[in-house]
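The values are calculated or read from the model by the stated rules, or taken from the named source; none is laboratory data. Values in this document were obtained by computation on a predicted structure and should not be read as measured data. All Cβ positions, even for glycine, are placed from backbone atoms using ideal geometry, and neighbour counts span all protein chains on display. All accessible areas refer to the heavy atoms of the entire protein, side chains included, with ligands and DNA or RNA removed. Shrake-Rupley method; radii C 1.70, N 1.55, O 1.52, S 1.80 Å.
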Amino acid sequence: MSRLLVVGAGPSGLGCATELARSGGHDVLLIDRVPVAGGESGWDKPEVRDLVRAATGAGVEFRLGAAAAVWTDRRLLLTAPGAIRWVEADHLFYAGGLRPATASDLNIVGERPAGVLPATVADHLLSTGVRLWKRAVVVGDGPWAPHIAERIRGAGGHVTAVGAGSPTWADQVVAGGTGLEVLGSDRVHTLRVVDGTRVRDLVCDVVILASGPLPNRNVDGALAEGAPHVTFVQPLDARGIAPRAQAGRAIAAHWARTNGGNP
Amino acid sequence: MTTTRYDVVVVGGGVLGTAVAERLARTSASVCLLEAEGDVGEHASKGNAGVAVSYYGGPGTLETDLINASNPFWEELCERLDVPYRRIGGLMVALSDREAERLEHTRAEAAACGVRVRILSAGEVREAEPLVTPDAVAGLSLPDEGIIDPMRLTAAFASLAAVNGAVIRLRERVEAIEHEDDGTSTVITGAGRYRARFVVNAAGVGAGAVSRMAGGDPLVTWPRKGQYVVVDRAFAGALRQIVFCTHLPDTKGINVVPTTHGSALLGPTATDVTDPDDRATDAETIARVVAEAARLVPAVAEAYAIKTFAANRPAGDEPYRLRVDAHVPNLVHVTDRSAGVSISPAAAQYTLDLLQAAGLDAVERPGAHTALPRVPRLRTAPEPERLTEVDPLYGQVVCACEHVSAAEIEAALSAPVPATSIDGVRKRTGAGYGRCQGSLCLAGISFLTAMATGCGPDAVRHTVRGTVGS
Ligand SMILES: Cc1cc2nc3c(=O)[nH]c(=O)nc-3n(C[C@H](O)[C@H](O)[C@H](O)COP(=O)(O)OP(=O)(O)OC[C@H]3O[C@@H](n4cnc5c(N)ncnc54)[C@H](O)[C@@H]3O)c2cc1C
């Protein structure tokens, strides 16, 4: 009987853990840093509740509210308020979700002033209900972009989409060009779109980085493909709860077929 | 406007100004530090490579003396100040016979400075640092080079100064200095007037302007920009030493420098600019930095680049100045273009000596604090599982990439000179330094900072100059 850890209780982690538990003979612990399952999809969706029920039914054990930090010598350092401890296991499945591309991922250069924010952060801040920005530039068309643009426009703000094709969620659409440059020393005031020798200056009070998604990686020892005893469960193309859960199940099934009783 | 009186007013809260304030605060002299920005260490002192050098220039200079006087004591000082420091050594790499010849020159110069140094064969170079290019023909080992967290050092100097009674005033740009009949001076900011027996000019690139205000020596200062690329510790963790390129007569070139955070810096460039606030990176320079760094350590070309940044050295008509002004007897200049971190402890003592020679009546104050309380760090703690005994909040990880806990963030927000912005938290804890650049944690840090500073979610400061909302 091998002990398997799944880090990340979003839909892909839930699907993965359930499949591992069903494929027999494994003792599966599903871990998440926040105290509820569901990940970015949220805990209260009926589909998420169904996935949690299925996991429990298959015998998956949950450890919620504990963040994984380090994977070394088949031990995972788990941190929870009041309790930091090592958990031994045979294999780690990392389902830590997706993140927007950073300025560096997008080769954005220039200054580093206030007001350049990852889409995930902008989303959290907007959910406080305060009107934060009047003229936003949203870079990219990752899964966060439409939702954020809607919130900003809903509060009376103006949204320019850059490098997002021709989305319906923006007031103004600008092609991505060959390079982007942030201007402003106190707070961002312009995103400069360079296209060969031409430049176009977009005046703004916030730049939201919504390109991607890219896989989140934050457990030392489980950072790159090829890390020993690690399988990454971070499907980039699957969007929505059911497809992500399905992708998680597929990765687990593939692993069970190829590694089976021999993690 | 009331006037407050101090024995010494220090202008500038970079690593040198805070080091001087910390040293003075352990004496009987009263001291006030005035910093224009909303935090200490916002200029050169946060944007440098963090090398505590053993060798920088030729023998017989004051800068070399101060490096030599500082270098042996880093472990002891950083232990007391709770600042990350590691004496990992440096390796200067020659890629051609011409460079190998230059290495011999550098070896002779470093040896003349009294620095431990040794020429390595190509084989020894690769043994010392397997990541160095196989094209290396020779190397120079400098075992007393170390890496330090320059921001933590600056914040620690400021905090210990404050603990010992120094007054640290932020957001107070010095605008005028008037001399009084009794030989004292009045230092004037937008918010106050400070009467001082002595003024220390540690304003970095602003030192020329401060000297002009005081009617002092015509110091010429200007910003010299350096650009960097930060690469991930998934790669950088394998680096054993600082890898320097061979110093050529006209340039010191691009290096690969591990940081105390585990990442590595590629850089810096050196370009004179006019605006001290110009800290923009550009695509062409960044591409060149990566290419040049890859000549030394080929694997950096594949390493994940976390971010780019730039900072400005306080360049000037003299590379450094630690002296009493020739015209104004109660004005002392303390600036250094390129090694300010490395000289800071000894420079602070030297400044005290200068002030005393100029008539400052300062004696050691018994009972002055010499250490700051230690804040353990989750990521580097040898036994992380024991930290929740210290504080249960160690178990609450806020920054996932860098494994920074709520306990560390709370400590930064409640330090004697505390973080008051998301950036201030980042500078003091590393939260947000990692590969996701805050996409998971920035909102959480923003809420913690808002609570600690009594702001709403829109008015909380992102950087010291700009808020989250607009
Ligand atoms: C790219 C780069 C790499 C470097 N690498 C290294 C290295 O590896 N090792 C090393 O030892 N050194 C290094 N240095 C040099 C080092 O950073 C500097 O020597 C050092 O930081 C200078 O400290 P400072 O306190 O004089 O200046 P600063 O940190 O610039 O501080 C000056 C302060 O004065 C304030 N100020 C200015 N005018 C006024 C005014 N009128 N009123 C109030 N406040 C004012 C400013 O706001 C600022 O905070 C590097 C520098 C750069 C830029």
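Assorted remarks:
- A:A83 long-range amide H proximity, modeled H, under 5 Å: B:G395
- Rolling a 1.4 Å probe over the protein heavy atoms leaves B:C455 with an accessible area of roughly 50 Å².
- Within the range B:322-427, trypsin sites (Lys or Arg not before Pro) in DSSP loop having at most 15 other beta-carbon neighbours inside 10 Å: B:R374
- Averaged over the residues of B:389-398, the number of partner chain Cβ atoms lying within 10 Å of the residue Cβ comes to 5.
- Rough spin-label spacing in nm, given labels placed 7 Å along Cα→Cβ, for B:S96 and B:E284: 2.3
- Within-12-Å neighbourhood charge of B:V332 [Cβ basis; K, R +1; D, E -1]: 0
- Taking 7 Å steps out from each Cα toward its Cβ at A:R153 and A:D90 produces label points 5.2 nm apart.
- Length available on full extension from A:R257 to A:T72: 0.36 nm per residue minus the Cα-Cα distance, which gives 64.1 nm.
- Spacing of the two label points (7 Å from each Cα toward its C-beta) at B:E180 and A:V194, in nm: 5.3
- Net +/- balance of residues flanking B:L352 in space, Cβ distance below 11 Å, scoring K and R +1, D and E -1: -1
- For B:H179, the solvent-accessible surface with a 1.4 Å probe is about 90 Å², rounded to the nearest 10.
- Computed with a 1.4 Å probe on the full set of protein chains, the accessible area for B:K252 sits at about 80 Å².
- Counting Cβ atoms of other protein chains within 10 Å of each residue's Cβ and taking the mean over peptide A:117-126 gives 6.
- Where only DSSP H runs of four or more residues are counted, chain A gives -7500 deg cm²/dmol as its mean residue ellipticity at 222 nm, each run worth -39500 (n - 2.57).
- The Rg/Rh ratio for the protein assembly as shown, using Cα coordinates for both the radius of gyration and the Kirkwood hydrodynamic radius, is 0.99.
- Tail weight of P(r) past 17 Å, computed on alpha-carbon pairs of the range B:384-453, percent: 35
- Net charge, B:T4 excluded, C-beta distance under 9 Å - Lys, Arg +1, Asp, Glu -1: +3
- For the options A:G140, A:G65, A:G97, a Gaussian network treatment of chain A with springs between C-alpha atoms closer than 10 Å singles out A:G65 as fluctuating the most.
- Other-chain or far-sequence residues with amide H under 5 Å of A:L214's (modelled H): A:R99, A:A101
- Pairs of lysine residues in the protein assembly as shown - Cα separation under 21 Å, sequence separation of 8 or more or cross-chain: 8
- Backbone geometry of the range B:73-89 corresponds, through the Karplus equation with coefficients 6.51, -1.76 and 1.60 at θ = phi - 60°, to 3J(HN,Hα) couplings of 9, 4, 4, 5, 5, 5, 4, 5, 8, 6, 10, x, 8, 9, 7, 8, x Hz, x marking Gly and Pro.
- Across the range A:4-13, rounded Karplus estimates of 3J(HN,Hα) from the backbone phi angles (6.51 cos²θ - 1.76 cosθ + 1.60, θ = phi - 60°) give 10, 10, 10, 9, x, 9, x, x, 5, x Hz, Gly and Pro being marked x.
- Relative contact order of the range B:25-135, pairs being alpha-carbon contacts under 8 Å that are 6 or more residues apart, as %: 23
- B versus A: buried accessible surface, summed, Å² (probe 1.4 Å, to nearest 100): 3800
- Working note: Karplus 6.51/-1.76/1.60 with θ = phi - 60° gives the range A:50-60 the couplings 4, 5, 5, 4, 4, 5, 4, x, 7, x, 5 Hz, where Gly and Pro are set to x.
- When its C-alpha radius of gyration is set against 2.2 N^0.38 Å (N residues), the range A:109-209 gives a value of 0.99.
- When you filter the GluC sites (Glu not before Pro) in the range B:274-341 for DSSP loop state and at most 10 other Cβ atoms inside 10 Å of their Cβ, you are left with B:E302.
- Close amide H pairs (under 5 Å, H built 1.01 Å from N) link B:A29 with B:V363, residues at least 5 positions away or on another chain.
- Interface residues of the range B:279-309, defined as a loss of at least 10 Å² in heavy-atom accessible area between the chain alone and the complex of all protein chains with a 1.4 Å probe, are B:R279, B:A280, B:T281, B:A283, B:Y304, B:A305, B:I306, B:K307, B:T308, B:F309.
- Surface per residue (accessible, 1.4 Å probe) for the range B:384-453, Å²: 28
- Computed [θ] at 222 nm, helices only, for chain B once each DSSP H run of length n ≥ 4 contributes -39500 (n - 2.57): -8500 deg cm²/dmol
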